[in-house]
Each structure stands twice: as structure tokens, then as C-alpha cells.
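Notes follow the structure.
The values are calculated or read from the model by the stated rules, or taken from the named source; none is laboratory data. Please read these numbers as outputs of a predicted model, since none were measured by experiment. Glycine gets a Cβ as well: all are built from the backbone with ideal geometry, and neighbour counts include every protein chain shown. Surface accessibility is based on the protein's heavy atoms, side chains included, excluding ligands, DNA and RNA. Shrake-Rupley method; radii C 1.70, N 1.55, O 1.52, S 1.80 Å.
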Amino acid sequence: MITLAAFEEIIDASGVAARIEAMLPAGVRARQLRVRTLLAGMCLAQADHRPAHLTRVHQALTALGEDDQRRLGVIADWKDGPHLLTYRQTERTFGLVADALGKDEPDGLPSGPLQRACDDLLEASIAEQFKNGSRSLAVDWTGLESFSRPPAARGGDCADPQAWWGHRKNNLLRSQDELFYGYYLSAGIMMRDEGGPAVPELARRATVSSCRHDPVRAFAAVLTAMPAAGIGLGDILDDSGYAHRDAHAWAIPLRTAGAALVQDLHPHDRGPKGTHHGAIIANGNLYCPCTPRTLLELGPLARTATSWQAADHDRKTSELARYKLGRLTADDQDGYHRVACPAVMAKIRCPLRPSSMTLDRGRPEILQPPENPQACCAQQTITVPPEVNAKTRQKHDYPSAAWRRSYARRTGAERGFATAKDPATNDIARGWCRLMGLAPLMLFTTTLLIVRNQRILAAWNARQQDNARRAAAGLPPKTRKRRRRPLASLATGPP
């Protein structure tokens, strides 16, 4: 069980409570429930596996010990004697907070103060020793259903007009997506850097947006604001749903903010996609015009691939890398860089580059060079403008073994949502939060992720202590074993 002191420390470190208090109107009589106490009650309700209902928040606060209740203002001294916080007071304070953080004209996107408050709360929930432990984030979005019924087919209003129709994957036999009425929850989960130490998979950034809006564009603004807060961006691990967006919606803003993309390409973006000065544009790189077509059309390795199929796939991607134009310079201020022919880089043999013909015959050789060579074959280097491969360019060659190992970290985003949707803890299915509007739903979602981070940290610390104890005893670290029940145990078990 996560303690009240842990939540109070997070709220105080974020500085959110004081900022929100300054935004609330001053009433004739002082409010008994302060914003700091309200946020602590929301966290306590989520930590106790309760749904995101204000009645549950009130129950969590009134279930505290008398000393804590007096310290937090749950019990206040009125002129008639001690007064216990009522549900109406809880509802009133939460309504003031939601109105202060919401927009005057709601449009389905969080306001600046709301997003900053949620960012600061999540950042404060990360232990100090892990804040600089990794800069890599695995990102994804999921459906967050509203409790409101959708508007009628003939038109009209509904209880939650900011929500809208969205689609999500399902586990049913049919292949089409499932429609739902609500919002998209986007989150970035901390993952270890390449070659770096392991870190707990903590939710570092999150946002909620109406299904009227593109969740990719909504979350890109959240991630690109991190460097201004002193948090550098490293590897951003995303699937083809992000990579297939327009370059100005995802790839360009993140690359400008200093991120390195590691992403799966959409089938429509794979393979040859035109030329630049004669060089073939494919999978985020430029290749020699004589590159074999079968190599350019290589796709990612199937999940069911055997070891020998993986070895053969890696051999082909290594051969494809021989034909790639070599990068000579980093991007300048305008995004331009220069590349050179692979024969000039001593990766292949080509008659158009006589010096390359002295290389050993273990390298690929161009047997039929172009009759009318273009700039990529005639010049020593060519300049590549930023619009070439703007959407598909990434950290590793796609779909090489290095890319596959790096992209495997993206499953942390799936695990992050799995823990948030686990019915044994907090199931964010329809009915989990019965409040309408984006601001109330986003505040409760943030407190849920704070509780989730504390659970992940507790499990991480317990595992590290167990490994240290086993190391002191001369035992190897405990490994996770797949649980198997033999058929005999089922036959002899209780009915």
C-alpha cells in the first residue's frame, strides 16, 4: 500500500497545488478542502483500487486517521465545533479546479495550465535517481471511453460534447476496428537507452485529447516541450501509426527538438519511393541506383521467424547497407547534409569509380553501371535537403538487426497501458470515471499514472534488493520462469 506521505511529497515537489490555488476565485468563506488535499485524496482513491468517482475521493479522505484529517483540513474547527468534510465540499472544490484548468471554449484539447500541471505531477512521481537515467521514451495511444452516451443519430447534444467517435483494436475474431465514444490517452514510458542501464518503466508524459483530434499531433506538442523544461529527448520509439503521419505532424518537430526516431514504417512507406539526383529513396535512406530491387523491398522480420530465417534476413540487410550512400556531415541549421557514393566510401566496387575497383572482391560489384550517370554517380558528394526522407529517416537502417533490437524496446508502451487497464488494479474501461469533460478525466488519469509509477518503483526496488541479497549469498539473479501445469496435476486436482 502506497502511503499518504509519498503522495504529499509528490504534490509538494510538483508545485501544482499552489499554482492552482492562485487560479481559484476567492469566496466569502474560506474553502475547507484545499487543492493539495484534493489531489492527495484522488491519489489515495486510485491507490485503493477505487474508480475515479468523487464519492470515492471523499471516502478516502474521511477514512484517514484523525491526526491526518486535522492536518489536511478534512476536519476543521467551526464555530459550532469540529466539522467533517462533506461530499458537497469535495464536489465544489473539484469543480472549481476543473473550471480553472479548462478552456473558456472547450475544443477537445487540454489547456496550457492543465497540461503543465499534469506534466509536473508525473515528473515529480519519478524518483530522483532515475530522472537522468534514461532519455528514451516508448510512445503509444489507447482509447479512453467517456461515460456519456453518444449523441443521437439525428443530431443534438449529449452529456460530454468534447468527446467524439474513435476507433481501437480489439481481440475479437473480426479484423475491423471497434468504435467507441470518448478520448485518446497518449503516454510516453521511460525505457533504457541503447547500451545504458535498465530503468523502471515509468510514465513520464501523458495527455488526453478528444477523438476529433489526431492523437499524434496532440502528443508531439507535449514531447517537444520537454527540452524547455530541462529534459532532453533521446530515442523516441513509436509504431507505424506515428511514422505514417505527415512529416510536419511528428517526425520534423521531434527531430528538431533533438529526438532520434526509432519507428516501424507503414507498409505504404516501405520500399523505393522515388529518386534524388539519381539515388533511390527507400526506407529513410538514399541508395545506389544499381541496388538490387529485392534488397530495397525487404520488410521487417516476421515475429514467427526461425533462427535461420533471422540469420538470412540479417545477411540481406547487411548487404543492403553496402549500397547506401554514406553520410559525411551532420544537418546544418537549415537541415541540409551531404552524402557520398558507396563506391567512394569503399563499400562497393563500381567501374564509374576506378579507385573502388582495387578493393577486394568480397564487396558487391556493379556489373552494369548507368549509361548516363546522374549527380550521385558523377559527383564526389551530393547535398540532401531536409524534405528528402523527412518522414521516414530514423536512427538505424530499416529493417536491419540493429533497428530490430532497438525497436524491441517499444513494447514498454504496451506494458504501460496494460498495467493501467488491469482489472486487478484500476480498469479504465467505461464507468471508471463518470465525470464529463476533458479536464476532470485528464486529472484523474494523471493521478492513476502517478499511482502506477509508485507501484512500478516499489516492485523495482524489491527486485533490486532481492538481487542484492542473492548476490551476497553467491546465488545468480532470479529469472522469470514460464509457469506450466502438467496434465497430471489437472487430473488429480480438486473438482
Residue in segment 445-466 that is open to solvent by 30 Å² or more (accessible area, probe 1.4 Å) and modelled with pLDDT under 90 present: no
Of the residues that sit in segment 262-288 and are in contact (Cβ under 8 Å) with a residue 40 or more places away in the chain, more than 19 Å from ARG245 (Cβ to Cβ) and within 31 Å of the chain's Cα centre (by Cα), which one is surrounded by the fewest Cβ atoms within 10 Å (Cβ to Cβ)? ASN285
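Name the residue that is farthest from LEU438 (Cα to Cα), counting only residues in segment 145-164 that are open to solvent by less than 70 Å² (accessible area, probe 1.4 Å), in contact (Cβ under 8 Å) with a residue 12 or more places away in the chain and not aliphatic (A, V, I, L, M). Outline the logic, then answer.
Of the residues in segment 145-164, the ones open to solvent by less than 70 Å² (accessible area, probe 1.4 Å) are 145-148, 150-152, 155-156, 158-160, 162-163.
Going one step further and asking which of them are in contact (Cβ under 8 Å) with a residue 12 or more places away in the chain, we end up with 145-148, 150, 159-160, 162-163.
Imposing the further condition that a residue be not aliphatic (A, V, I, L, M) reduces the set to 145-148, 150, 160, 162.
Values: GLU145: 11, SER146: 9, PHE147: 12, SER148: 12, PRO150: 15, ASP160: 9, GLN162: 7 Å.
My answer is PRO150.
Please enumerate the residues belonging to segment 10-34 that are assigned to a helix (DSSP H, G or I), of a type outside the set (Val, Ile, Thr) and within 25 Å of the chain's Cα centre (by Cα).
As a first pass, look at segment 10-34 and keep what is assigned to a helix (DSSP H, G or I): 10-14, 16-23.
With of a type outside the set (Val, Ile, Thr) added as a condition, the list becomes 12-14, 17-19, 21-23.
Hits for segment 10-34 are ALA13, SER14.
Restricting attention to segment 175-194, and to residues there that are hydroxyl-bearing (Ser, Thr, Tyr) and in contact (Cβ under 8 Å) with a residue 12 or more places away in the chain, which single residue is nearest to GLN129 (Cα to Cα)? Don't jump to the end; show me each part of the working.
Quick first cut of segment 175-194, residues hydroxyl-bearing (Ser, Thr, Tyr) only: 175, 181, 183-184, 186.
Then keep just the ones that are in contact (Cβ under 8 Å) with a residue 12 or more places away in the chain; that gives 181, 183-184, 186.
Details: TYR181: 40, TYR183: 33, TYR184: 31, SER186: 25 Å.
Per the criteria, the residue is SER186.
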Matching residues, segment 64-121, being buried (at least 17 other Cβ atoms within 10 Å of the Cβ), among the hydroxyl-bearing types (Ser, Thr, Tyr) and over 21 Å from LEU223 (Cβ atoms): THR90, THR93
Looking at segment 289-313, I want the residues that are in contact (Cβ under 8 Å) with a residue 40 or more places away in the chain and within 20 Å of HIS268 (Cα to Cα) and have a partner that is of a type in the set (A, V, I, L, M, F, W, C) and open to solvent by 70 Å² or more (accessible area, probe 1.4 Å) with Cβ atoms under 8 Å, at least 6 apart or on another chain. Which pairs are those? none
Positions within segment 254-301 being in contact with a strand residue (DSSP E or B) (Cβ under 7 Å, 6 or more places away or on another chain) and among the small types (Gly, Ala, Ser), in sequence order: ALA259, ALA260, GLY271, GLY274, ALA279, ALA282
Output the residues belonging to segment 225-251 that are hydrophobic (A, V, I, L, M, F, W, C) and crowded, with 20+ Cβ neighbours inside 10 Å. MET226, ILE236, LEU237, ALA243, TRP250, ALA251
Considering only segment 405-420, I want to know if a residue exists there that is part of a helix (DSSP H, G or I), buried (at least 18 other Cβ atoms within 10 Å of the Cβ) and touching a Phe, Trp or Tyr at 6+ places or on another chain (Cβ under 8 Å). no
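Which one is least open to solvent (accessible area, probe 1.4 Å) among residues in segment 393-403 that are over 18 Å from TYR242 (Cβ atoms) and not hydroxyl-bearing (Ser, Thr, Tyr)? So that I can check it myself, show each step before the final result.
Initial filter on segment 393-403 (over 18 Å from TYR242 (Cβ atoms)): 397, 400-402.
Remaining after also requiring not hydroxyl-bearing (Ser, Thr, Tyr): 397, 401-402.
Working: ASP397: 40, ALA401: 17, ALA402: 38 Å².
My answer is ALA401.
For segment 197-237, enumerate the residues that are β-branched (Val, Ile, Thr) and either out of contact with any Pro (no Cβ under 7 Å at 6 or more places or on another chain) or outside any strand (DSSP E or B) (or both). Step through it out loud before you land on a result.
Applying the first criterion (β-branched (Val, Ile, Thr)) to segment 197-237 yields 199, 207-208, 216, 222, 224, 231, 236.
Listed by number, the residues that qualify are VAL199, VAL216, VAL222, THR224, ILE231, ILE236.
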Which pairs do you get when a residue that is farther than 12 Å from PRO386 by Cα, found in segment 241-254, comes within reach of a residue that is surrounded by fewer than 19 Cβ atoms within 10 Å (Cβ to Cβ) and among the basic types (Lys, Arg), reach meaning Cβ atoms under 6 angstrom, with the pair 6+ apart or on two chains? ALA249/ARG217
Determine if segment 217-224 includes at least one residue that is open to solvent by 40 Å² or more (accessible area, probe 1.4 Å) and under 23 Å from THR447 (Cα atoms). yes
Count, please, the residues in segment 321-377 that happen to be surrounded by 15 or more Cβ atoms within 10 Å (Cβ to Cβ), free of Cβ contacts under 8 Å to residues at least 40 places away in the same chain and among the hydroxyl-bearing types (Ser, Thr, Tyr). 1
How about segment 124-144: which of its residues are under 17 Å from the mean Cα position of the chain (by Cα) and open to solvent by 30 Å² or more (accessible area, probe 1.4 Å)? LYS131, ARG135, TRP141
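Test THR37 against the stated conditions and say whether it is within 32 Å of the chain's Cα centre (by Cα), among the hydroxyl-bearing types (Ser, Thr, Tyr), open to solvent by 30 Å² or more (accessible area, probe 1.4 Å) and closer than 29 Å to ALA459 by Cβ.
Numbers: within 32 Å of the chain's Cα centre (by Cα): yes; among the hydroxyl-bearing types (Ser, Thr, Tyr): yes; open to solvent by 30 Å² or more (accessible area, probe 1.4 Å): no; closer than 29 Å to ALA459 by Cβ: yes.
When the stated conditions are applied, THR37 does not pass them.
Please tell me if ALA5 is of a type in the set (Gly, Ala, Ser) and touching a residue at least 24 places away in the same chain (Cβ under 8 Å). Don't jump to the end; show me each part of the working.
Numbers: of a type in the set (Gly, Ala, Ser): yes; touching a residue at least 24 places away in the same chain (Cβ under 8 Å): no.
Here the answer is no, as ALA5 does not meet what is asked.
Would you say LEU254 is assigned to a loop (DSSP other than H, G, I, E, B) and either touching a Cys at 6+ places or on another chain (Cβ under 7 Å) or open to solvent by less than 10 Å² (accessible area, probe 1.4 Å) (or both)?
Working: assigned to a loop (DSSP other than H, G, I, E, B): no; either touching a Cys at 6+ places or on another chain (Cβ under 7 Å) or open to solvent by less than 10 Å² (accessible area, probe 1.4 Å) (or both): yes.
In short, no.
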What is the residue count in segment 317-350 for residues that are in contact with a strand residue (DSSP E or B) (Cβ under 6 Å, 6 or more places away or on another chain) and not hydroxyl-bearing (Ser, Thr, Tyr)? 12
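Residues LEU265, LEU233: which one is in contact with a Gly (Cβ under 7 Å, 6 or more places away or on another chain) and either of a type in the set (A, V, I, L, M, F, W, C) or over 26 Å from GLN454 (Cβ atoms) (or both)? Explain how you work it out, then say what you get.
On the way: LEU265 fails: in contact with a Gly (Cβ under 7 Å, 6 or more places away or on another chain).
Result: LEU233 is the single residue among LEU265, LEU233 that is in contact with a Gly (Cβ under 7 Å, 6 or more places away or on another chain) and either of a type in the set (A, V, I, L, M, F, W, C) or over 26 Å from GLN454 (Cβ atoms) (or both).
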Pull out all pairs, ordered by first then second residue, where Cβ-Cβ is under 7 Å, the residues are six or more apart or on different chains, the first lies in segment 218-229 and is touching a residue at least 12 places away in the same chain (Cβ under 8 Å), and the second is assigned to a helix (DSSP H, G or I) and among the aliphatic types (A, V, I, L, M). ALA220/LEU254; LEU223/LEU254; THR224/LEU254
Within segment 167-196, can you find the residues that are closer than 29 Å to ALA260 by Cα, part of a strand (DSSP E or B) and among the small types (Gly, Ala, Ser)? SER186, ALA187, GLY188
